[in-house]
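See structure below.
The numbers here are math on the coordinates, done by the rules we state, and not lab data. If you're wondering where the values come from, they're calculated on a predicted model, not measured in any experiment. For neighbour counting, all protein chains shown are included, and Cβ atoms are generated from backbone atoms with ideal geometry for every residue, glycine included.
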Amino acid sequence: PHSLAWTDELYALNGRHACESVLAVLRGEAPKYPVNREVLERPGFQAKLAELRGRGDGVTG
């Protein structure tokens, strides 16, 4: 029964969301679907995002 949800759309969206999350982090934004939400509030993670935001290297989503 669990394999009923394993569709082409599932795999396509998983890949798309993964790529979007990587691009978001490279822009200095939090990923949309984090596994461990507590990490988003940690000062070290926030500092990394701020550093990436400051780069301004033209990463787009």
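Before moving on, here are some points about what is shown:
- Ranked by the mean number of other Cβ atoms within 10 Å of their residues, highest first, the peptides 17-24, 48-55, 32-39, 3-10 fall in the order 17-24, 48-55, 32-39, 3-10.
- One way to sum up the overall shape of segment 1-54 is the equivalent ellipsoid from its Cα gyration tensor, whose semi-axes run 29, 13, 4 Å, largest first.
- Estimated vicinal HN-Hα couplings, Hz - segment 25-36 in sequence order (Karplus 6.51, -1.76, 1.60; Gly, Pro = x): 5, 5, 7, x, 10, 6, x, 6, 10, x, 6, 10
- Over the chain, relative contact order from alpha-carbon pairs under 8 Å, at least 6 apart, %: 35
- When only the Cβ of Lys, Arg, Asp and Glu is charged (+1, +1, -1, -1), the dipole of the chain relative to its Cα centre reaches about 200 debye.
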